[in-house]
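The values are calculated or read from the model by the stated rules, or taken from the named source; none is laboratory data. Keep in mind that what you see is a predicted model, and the values were worked out from it rather than measured. As a convention, Cβ positions derive from the backbone with ideal geometry for all residues, glycine included, and neighbour counts pool all protein chains shown. Ligands, DNA and RNA are stripped out before the accessible areas are found, and what is left, the full protein with its side chains, is counted by its heavy atoms. Shrake-Rupley method; radii C 1.70, N 1.55, O 1.52, S 1.80 Å.
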Amino acid sequence: MNQTPPNPSPDVDPESLEDLFQRLRPRLKKILSHYRIPPQDAEDILQEAFTVAFQKWDTVYNQQYWLLGTVRYRCVLYWKRQRDLREESMDAADLESLCRPQPPSQERVELVQEFESIARLLRRDHRMALWLRYGVGLSTSEVARALGYYPATMRKLLRRCLQRLQKHLAEDPSPPSRP
């Protein structure tokens with residue numbers, strides 16, 4: 001059965017894309033400025049959103065909110081692409097210059113032992129998350145995948161674990177005794 005969804009309000013006729021753009025223009029400007037999109041790229045984002053809108057116009061239930069959401073989504077994608085471009089554009093020499101020299105192996109062993117003694121204040125799964133993130137060097141999304149969390153949840157969890165450890169160290173700077 002091929003049914004079209006009912007209008008959200010029976011007394012409102014579906015409007016054209018151009019009319020909707022004119023009506024939403026201030027809100028679109030506000031979204032673009034909120035995401036700090038440069039003016040030359042804002043036009044591209046709007047063109048992408050309106051191209052998709054034009055293709056799907058007849059199937060969209062609430063055109064106003066769909067268009068605003070699409071522009072927001074395109075803004076988020078813009079900054080993700082910018083971040084990826086920055087990461088890809090760095091060459092090995094630049095990355096090496098940013099790397100700190102590694103401590104001698106004995107010092108590293110002592111740091112690991114100190115971390116383990118301090119981390120005993122946390123639950124086992126929280127210790128594992130910290131170890132995977134900062135000991136092994138996995139990204140937040142890799143740690144989340146390994147432990148079965150969502151990436152956003154993992155970022156919050158890691159931040160809270162670090163805050164808890166910092167608070168404890170501020171109260172008692174000597175590491176807890178090893179069992």
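The table below gives the values:
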{"read-out": "Residue identified as open to solvent by less than 100 Å² (accessible area, probe 1.4 Å) and either of a type in the set (Phe, Trp, Tyr) or farther than 19 Å from Leu77 by Cβ (or both) among Leu24, Leu46", "value": "Leu24"}
{"read-out": "Hey, Ile37 at pLDDT 85 or above and part of a loop (DSSP other than H, G, I, E, B) or not", "value": "yes"}
{"read-out": "Residue in segment 58-66 that is open to solvent by 90 Å² or more (accessible area, probe 1.4 Å), touching a Pro at 6+ places or on another chain (Cβ under 9 Å), charged (D, E, K, R) and modelled with pLDDT of 70 or more present", "value": "yes"}
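Residues are listed down the side, and each one gets a yes or a no for (1) surrounded by 13 or more Cβ atoms within 10 Å (Cβ to Cβ); (2) touching a Phe, Trp or Tyr at 6+ places or on another chain (Cβ under 6 Å); (3) among the hydroxyl-bearing types (Ser, Thr, Tyr); (4) in contact (Cβ under 8 Å) with a residue 40 or more places away in the chain:
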position: Arg120; (1), (2), (3), (4): yes, no, no, yes
position: Leu132; (1), (2), (3), (4): yes, no, no, no
position: Val136; (1), (2), (3), (4): no, no, no, no
position: Leu147; (1), (2), (3), (4): yes, no, no, no
position: Ala152; (1), (2), (3), (4): no, no, no, no
position: Leu158; (1), (2), (3), (4): yes, no, no, no
position: Cys161; (1), (2), (3), (4): yes, no, no, no
position: His168; (1), (2), (3), (4): yes, no, no, yes
position: Asp172; (1), (2), (3), (4): no, no, no, no
